[in-house]
Each structure stands twice: as structure tokens, then as C-alpha cells.
Amino acid sequence: MQEITKIVITGGPCAGKTTAMSWLQNEFTEKGYAVLFVPETATELIGGGVAPWTCGSNADYQKCQIQLQMEKERIFYEAARTMAREKVLIVCDRGVMDNKAYMTDLEFTGILNSLGRNEVELRDNYDAVFHLVTAAKGAESFYTTANNAARTETPEQAAAMDDKLIAAWTGHPHLRVIDNATDFEDKMKRLLAEISSFLGEPEPLEIERKYLIEYPDIAWLENQPTCRRIEIIQTYLKSEDGSEVRVRQRGMDGNYVYYRTTKRRISGLKRVEVERRLSRDEYLTALMDADTSRHQIRKTRYCLTWQSQYFEIDVYPFWQDRAIVELELGDENAEIHFPKQLRVIREVTEEEAYKNASLAMNAQ
């Protein structure tokens with residue numbers, strides 16, 4: 001059965017995307033993938049004379065870019081389906097949500113309305129997003145505009161744009177930020193490791209840490225530019241082999257995407273996890289196989305990008321004094337930098353009582 005995965009490589013100006021594409025080609029071709037690259041749409045348009053300063057307005061340009069981006073991705077997906085390959089990796093050099101960083105919220109909402117689209121479906125249409133941090137943040141001596149005619153930002157502007165891009169993608173279920181904490185070669189290796197982990201090469205391992213925190217300051221979270229609120233309904237299904245199987249409705253404001261996830265624990269921190277997208281009809285059909293001994297879990301998730309780490313803060317309706325923070329890590333020994341506004345009570349990664357499957361036994 002053919003498996004097509006579509007990911008985004010994004011990042012601030014002069015972050016290493018061009019080099020990353022070459023590394024990706026070599027790494028995943030060797031692992032048996034047909035690797036397809038969707039070229040950066042902005043560079044194509046600007047090089048062809050279509051730019052924010054040549055169109056009637058910035059919003060006119062951004063609408064053209066979004067439409068072309070979506071059409072290119074559709075064509076690449078259709079082409080992938082014709083290929084006699086079991087594993088196809090579609091790599092998008094930037095995705096639709098990158099455009100949000102280059103316009104006002106009003107402009108973005110207006111374009112979505114004119115196209116009959118919503119932010120959830122555009123953002124979560126990709127299987128995973130990998131953000132490379134601009135050299136202007138942490139590797140300033142390497143920042144240059146010489147290798148891209150479409151790049152005009154000063155280092156200060158590049159750093160600000162990097163923040164806006166992270167904010168645009170925050171809320172995606174699989175966002176990873178690759179910073180400049182190491183030299184450039186190791187930065188590329190960290191990117192490949194994160195992508196390999198996501199793809200399940202050699203095995204779909206998830207390394208997760210979980211913390212019990214005091215009830216968070218919701219107003220503070222909602223005022224953070226790199227925080228997004230997500231509504232989740234999670235239903236556990238019957239399982240005969242001891243695996244944990246669930247379906248999830250994820251989104252906000254009436255716009256949702258659906259997933260089926262199967263988990264098998266290896267150790268306290270490591271699990272084998274297989275996840276796939278569902279259509280709405282598939283999701284509704286799966287609900288007929290719900291484990292009636294467990295309640296549905298309803299929670300509000302605040303996705304927060306902080307110091308290159310992606311915090312998922314789950315607030316449950318049955319708790320008024322506490323919440324859960326989860327982080328997926330590439331390395332189980334990675335140091336975690338909590339914002340001071342999140343007051344940690346203790347780590348509960350290996351405490352059965354704080355797993356969602358256990359909470360579902362008693363949730364009301």
C-alpha cells in the first residue's frame with residue numbers, strides 16, 4: 001500500500017533551506033523514498049516579475065501565491081499517486097501558512113474568505129512542519145542576502161520575520177523548530193533526525209515527557225504571538241492486542257481535522273506511534289467502535305512555541321487547579337526550558353493516572 005507523506009521545510013531568511021533540500025534528497029532516497037520537491041513559490045513569482053510591489057496590493061500578491069502554492073501541491077500529490085513506489089516524500093519549500101507572516105490578520109482572513117478556506121485546513125493539510133531558525137538568530141556572522149535575489153531583509157528584519165513564521169505555523173500537531181545551538185552541519189543532522197523520527201525510520205518512536213502544572217494563566221497564553229488554542233475531542237476505541245487506539249477531532253471555530261492513532265509502549269518515555277489522517281466520514285464510522293467503558297476526553301490545548309521547543313498545554317474541564325504539559329523530544333535527555341509562567345508541580349511521564357487513557361476512565 002502506497003504511503004505519501006507531505007512535509008514543509010520553512011524558516012526565517014538565510015536559515016539553510018536550500019542546503020537542507022540537498023541533504024534530504026540524499027538521506028531519504030537512500031532510505032527507499034521517492035523524494036519530490038515543491039519549489040518555493042515566492043522565489044518563482046518574484047523572479048518572474050510578480051511581486052508585492054508589482055501587483056495592485058500586497059493582499060493581491062499573497063492571494064496569487066497561495067493559489068499557486070495549493071495548485072502545485074495538488075499536482076505533486078497527483079503525480080506521486082501514479083508512481084510505482086511504496087514510500088513517497090513530498091517536501092514543500094515553504095507552505096501556505098508562510099504567507100500569513102507577510103500580511104496583516106485582516107488581509108489573511110479576507111483571502112481565506114475569498115477562497116472559501118479556513119486556517120485549520122490549510123495549516124493541518126501537511127503531515128509535519130520543520131522550521132529552520134534564521135542565521136540572524138544565534139549565527140549572525142553567517143547571515144547574508146547574497147545567495148537569494150528575493151531576500152532583502154536586514155538581520156533585524158530577518159529575526160522578526162522568523163518569529164512571525166513560527167507564529168504562523170504554531171498550532172500544527174507536528175511542528176519542530178531547529179535552532180542554531182550547534183554548527184551548521186549539526187543543524188542539518190538534527191533536521192534529518194527529526195524528519196526520520198517523524199517518518200518512523202527505522203521505527204515510529206515517540207519520545208514524550210509530561211508534566212503536571214498549576215492551572216495556567218489563560219490570558220497570558222492567549223496574548224502570546226506564538227501560542228494557538230486548539231479544541232480536541234478524543235475517543236478511545238476497542239483494542240484486542242493491548243495497543244492504545246484512539247480517534248481525535250482537532251481544530252477550532254467549527255473547522256476540524258481528524259486522526260486515528262495507535263500507540264504501543266516500549267518504555268516509560270518511548271512509544272511506537274502510528275498516526276493517519278481520517279476523512280470526516282471515516283471518523284464518524286470509527287466512533288461506532290468506541291470503547292464504552294471510557295468517557296470521551298474533551299480538552300482545550302494551547303500550543304506554545306518557546307525557545308525553540310513546542311509545548312502542548314492541555315486544560316481539562318474537570319480540573320480547575322491544574323493542567324498537563326506535554327513535549328515531544330528528539331532526544332530523551334534534552335533539556336527543557338519552561339517559561340516562568342508555567343509553574344511545574346512535578347513530572348508525571350510515567351504516572352499511569354495522568355495518561356489520557358486513564359483520565360478517560362473517570363472524566364465527566
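With respect to (1) touching a residue at least 24 places away in the same chain (Cβ under 8 Å); (2) assigned to a loop (DSSP other than H, G, I, E, B); (3) closer than 19 Å to Ser308 by Cα, the lone exception for Thr182 is condition (1). I'm told Tyr61 meets every condition in (1) in contact with a helix residue (DSSP H, G or I) (Cβ under 8 Å, 6 or more places away or on another chain); (2) under 29 Å from Arg117 (Cα atoms); (3) open to solvent by less than 60 Å² (accessible area, probe 1.4 Å); (4) in contact (Cβ under 8 Å) with a residue 40 or more places away in the chain except one. Can you identify the failing condition by its number? Tyr61 satisfies all of (1) in contact with a helix residue (DSSP H, G or I) (Cβ under 8 Å, 6 or more places away or on another chain); (2) under 29 Å from Arg117 (Cα atoms); (3) open to solvent by less than 60 Å² (accessible area, probe 1.4 Å); (4) in contact (Cβ under 8 Å) with a residue 40 or more places away in the chain except (4). The residues of the range 223-245 that are in contact (Cβ under 8 Å) with a residue 60 or more places away in the chain and more than 17 Å from the chain's Cα centre (by Cα), listed by number, are Gln224, Ile233, Gln234, Thr235, Tyr236, Glu244.
The selection criterion, being assigned to a loop (DSSP other than H, G, I, E, B), in contact with a Phe, Trp or Tyr (Cβ under 7 Å, 6 or more places away or on another chain) and modelled with pLDDT under 95, holds for Ala136.
A single member of Ala42, Ala20 is in contact (Cβ under 8 Å) with a residue 40 or more places away in the chain and within 28 Å of Glu275 (Cβ to Cβ), and it is Ala20.
Among the residues of the range 97-129, the ones that are crowded, with 16+ Cβ neighbours inside 10 Å and more than 21 Å from Gln157 (Cα to Cα) come to 14 in all.
Please go through the range 199-219 and give me each residue that is touching a residue at least 40 places away in the same chain (Cβ under 8 Å), in a loop (DSSP other than H, G, I, E, B) and open to solvent by 20 Å² or more (accessible area, probe 1.4 Å), ordered by number.
Listed by number, the residues that qualify are Glu201, Glu203, Pro204, Tyr215, Asp217.
Within the range 213-242, the set of residues being among the acidic types (Asp, Glu) and within 22 Å of Val348 (Cβ to Cβ) comprises Glu214, Asp217. The set of residues in the range 7-58 being farther than 17 Å from Leu192 by Cβ and open to solvent by 60 Å² or more (accessible area, probe 1.4 Å) consists of Glu44, Gly47, Gly48, Trp53, Thr54, Gly56. Scanning the range 241-278 for residues that are over 22 Å from Glu332 (Cβ atoms), in contact with a strand residue (DSSP E or B) (Cβ under 7 Å, 6 or more places away or on another chain) and not charged (D, E, K, R) gives Val245, Val247, Gln249, Gly251, Met252, Tyr256, Val257, Tyr258, Tyr259, Leu278.
Tally time: how many residues in the range 220-251 are out of contact with any Gly (no Cβ under 7 Å at 6 or more places or on another chain), open to solvent by less than 40 Å² (accessible area, probe 1.4 Å) and outside any loop (DSSP other than H, G, I, E, B)? Going through the range 220-251 one residue at a time, the tally reaches 15. Among the numbered conditions (1) buried (at least 20 other Cβ atoms within 10 Å of the Cβ); (2) under 30 Å from Gly110 (Cβ atoms), the only one that Glu71 does not meet is (1). Residue pairs whose Cβ atoms lie under 7 Å apart, separated by 6 or more positions or on different chains, with the first residue in the range 335-351 and within 21 Å of Asp217 (Cβ to Cβ) and open to solvent by less than 70 Å² (accessible area, probe 1.4 Å) and the second among the β-branched types (Val, Ile, Thr) and at pLDDT 95 or above, are Phe338/Val344; Leu342/Ile213; Leu342/Val325; Val344/Ile213. In the range 154-187, which residues are among the acidic types (Asp, Glu) and open to solvent by 20 Å² or more (accessible area, probe 1.4 Å)? Passing the criteria: Glu156, Asp163, Asp179, Asp183, Glu185, Asp186. Of all residues in the range 48-60, none are of a type in the set (Gly, Ala, Ser), within 24 Å of the chain's Cα centre (by Cα) and not in a loop (DSSP other than H, G, I, E, B). Residues of the range 270-316 being open to solvent by 70 Å² or more (accessible area, probe 1.4 Å) and either free of Cβ contacts under 8 Å to residues at least 24 places away in the same chain or among the basic types (Lys, Arg) (or both), which ones? Selection gives Arg276, Arg277, Arg280, Asp281, Leu284, Thr285, Met288, Thr292, Arg294, Arg298.
The values are calculated or read from the model by the stated rules, or taken from the named source; none is laboratory data. Because the structure is a prediction, the values reported are computed rather than measured. Cβ sites come from the backbone with ideal geometry, for glycine too, and all protein chains shown count toward neighbours. These area figures cover heavy atoms from the full protein model, side chains too; ligands, DNA and RNA do not enter into them. Shrake-Rupley method; radii C 1.70, N 1.55, O 1.52, S 1.80 Å.
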